[in-house]
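Worksheet: one structure, shown below.
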Amino acid sequence: MAKPAEVPGLAPDTPVSVAAPLLVRSRLEDVRQYEAAVSVDEGEPDVEAVHDMRVAARRLRAAMALFGRGDLADLEDEVKALQDALGDVRDPQVQRAWLLERGADGGTRALVRWAEAGLPRAVKRLRRAVRAFDAAVAPEIERAASAAPGKGRLGGRRIAREVKDRLRTLKRRLAAARKAPNPRTAHRLRIAAKKLRYVAEVARPGFPAGAERVVEALAPLQERLGTLHDCDVRIARLSALLRDGARRERREARTLLAWLRHDRARQRRALAEELERWREERVVRSLRRRFTKGRRDRERLGRAGAGVRRANGGAAPAATSSGA
């Protein structure tokens, strides 16, 4: 997964009114850098470019949701439309690659043709979506980002509250997945983890240590959830093929479904262990404290600095030498 571009010069005390336009524009450029690669005139777009642009679109939506008010918030649905068009290409590409890895016999080749049947139409829709985004949506995001209002500091209470709100959502999703481990609860937990990660990435300049810890903590959970989700998607699609496909497709689907269901049981056990670890180690509580403690430490240092300046008649404290 490509990393988001860094925005130099941002710090916890940067006003949100300054940081928000810079971060939104940076996330927008992360999306636009893949436009040429995914809107080729002939053939399919590059698999990795499709994936990276889709992730970049999610990151852009996270920045718009975190800072957005008014026009900027209204444009999030337009970015979601591009993200969905990318997903319509990405998903069959992934399924085709997985089927090809399973073997090269006649039955598997039949399933490959079935998996990629709708891909040409999806590619055409993606080209149209990219053109529309480039011509109309991206300029509007640029304009709205410049006018986006913002109060407080990048390392202040508002941004901390946004991250902690998503941590609370994650905590509820974790509990639901432990209580009823099924595809629906796992999928909702997966979405909550993604939203938290992308918001934490935006908040990183304001809360460097806390945001980094969120990303690190989520990595193994997201890996488990992503693998399980891929398995659930394949089971659902092959089950449909088992009802409606041709004889050769049904035969191969039946074989793959048996393997997938066995593999899903293994993955479910692995996810259950990860969920239990989060509960026992109180990971969510630890992450929430990092944001609260970090904010309080910065406020305490700010008050101490103000006291020193008052003691010096408003001047900055004199530099000291350690003798080095």
- Task: Please indicate, with yes or no, whether at least one residue in segment 62-74 is in contact with a Gly (Cβ under 9 Å, 6 or more places away or on another chain), assigned to a helix (DSSP H, G or I) and under 20 Å from residue 129 (Cα atoms).
- Result: yes
- Kindly indicate the residue of segment 204-216 that is crowded, with 23+ Cβ neighbours inside 10 Å and either out of contact with any Gly (no Cβ under 7 Å at 6 or more places or on another chain) or not hydrophobic (A, V, I, L, M, F, W, C) (or both) and also nearest to residue 268 (Cα to Cα) among those meeting that condition. 214
- Near pairs, Cβ below 9 angstrom, 6+ apart or cross-chain, from segment 32-58 (in the same structural domain as residue 82 (by TED's automatic domain parsing) and assigned to a loop (DSSP other than H, G, I, E, B)) to any residue that is buried (at least 16 other Cβ atoms within 10 Å of the Cβ) and among the small types (Gly, Ala, Ser): 33/56; 34/49; 34/56; 39/129; 45/39
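So which residues in segment 117-169 are part of a loop (DSSP other than H, G, I, E, B), over 20 Å from residue 47 (Cα atoms) and in contact with an Asp or Glu (Cβ under 9 Å, 6 or more places away or on another chain), if there are any at all? Break it down into steps so the answer makes sense when it comes.
So in segment 117-169, the residues part of a loop (DSSP other than H, G, I, E, B) come out as 117-118, 148-152, 154-156.
Still in the running and over 20 Å from residue 47 (Cα atoms): 148-152, 154-156.
Residues satisfying the conditions are 148, 154, 155, 156.
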- State whether one or more residues within segment 37-53 are surrounded by 20 or more Cβ atoms within 10 Å (Cβ to Cβ) and hydroxyl-bearing (Ser, Thr, Tyr). no
- Message: What's the number of the only condition in (1) in contact with a Gly (Cβ under 7 Å, 6 or more places away or on another chain); (2) not in a helix (DSSP H, G or I) that residue 92 fails to meet?
- Response: (2)
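When the residues of segment 232-247 are narrowed to those that are farther than 25 Å from residue 181 by Cβ and surrounded by fewer than 16 Cβ atoms within 10 Å (Cβ to Cβ), which ends up farthest from the chain's Cα centre (by Cα)?
To start, the set of residues in segment 232-247 that are farther than 25 Å from residue 181 by Cβ comprises 241, 243-247.
If we keep only those that are surrounded by fewer than 16 Cβ atoms within 10 Å (Cβ to Cβ) as well, we get 243-244, 246-247.
On the way: 243: 34, 244: 35, 246: 38, 247: 40 Å.
Checked segment 232-247; the qualifying residue farthest from the chain's Cα centre (by Cα) is 247.
Confirm whether residue 88 is under 25 Å from residue 114 (Cα atoms) and modelled with pLDDT of 95 or more.
Considered against the rule, which asks whether it is under 25 Å from residue 114 (Cα atoms) and modelled with pLDDT of 95 or more, residue 88 comes out as yes.
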- Query: Among the residues of segment 19-26, is any touching a Ser or Thr at 6+ places or on another chain (Cβ under 6 Å), under 17 Å from residue 197 (Cβ atoms) and hydrophobic (A, V, I, L, M, F, W, C)?
  - Reply: no
- Query: Is there any pair with a first residue in segment 183-208 that is free of Cβ contacts under 8 Å to residues at least 12 places away in the same chain and within 20 Å of residue 57 (Cβ to Cβ) and a second that is surrounded by 22 or more Cβ atoms within 10 Å (Cβ to Cβ) and among the hydrophobic types (A, V, I, L, M, F, W, C) whose Cβ atoms are under 6 Å apart and which are 6 or more apart or on different chains, and what are they?
  - Reply: 204/211
- Message: Looking at segment 72-89, I want the residues that are loosely packed, with under 14 Cβ neighbours inside 10 Å and have a partner that is at pLDDT below 95 with Cβ atoms under 6 Å, at least 6 apart or on another chain. Which pairs are those?
- Response: none
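Does residue 61 satisfy the criteria of being under 19 Å from residue 143 (Cα atoms), buried (at least 22 other Cβ atoms within 10 Å of the Cβ) and not hydroxyl-bearing (Ser, Thr, Tyr)? First the steps, then the outcome.
Numbers: under 19 Å from residue 143 (Cα atoms): yes; buried (at least 22 other Cβ atoms within 10 Å of the Cβ): yes; not hydroxyl-bearing (Ser, Thr, Tyr): yes.
Yes; evaluated as a whole, the condition is true for this residue.
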- Query: With (1) modelled with pLDDT of 95 or more; (2) exposed (fewer than 15 other Cβ atoms within 10 Å of the Cβ) as the list, and residue 275 as the residue in question, which single condition is left unmet?
  - Reply: (2)
- So residue 111, is it at pLDDT below 90 and touching an Asp or Glu at 6+ places or on another chain (Cβ under 9 Å): yes
- Message: Given (1) under 28 Å from residue 215 (Cβ atoms); (2) at pLDDT 95 or above; (3) of a type outside the set (A, V, I, L, M), identify the lone condition not met by residue 139.
- Response: (1)
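The values are calculated or read from the model by the stated rules, or taken from the named source; none is laboratory data. Computed from a predicted structure; not experimentally measured. Cβ coordinates were reconstructed from backbone atoms using ideal geometry, including for glycine residues, and neighbour counts include every protein chain displayed.
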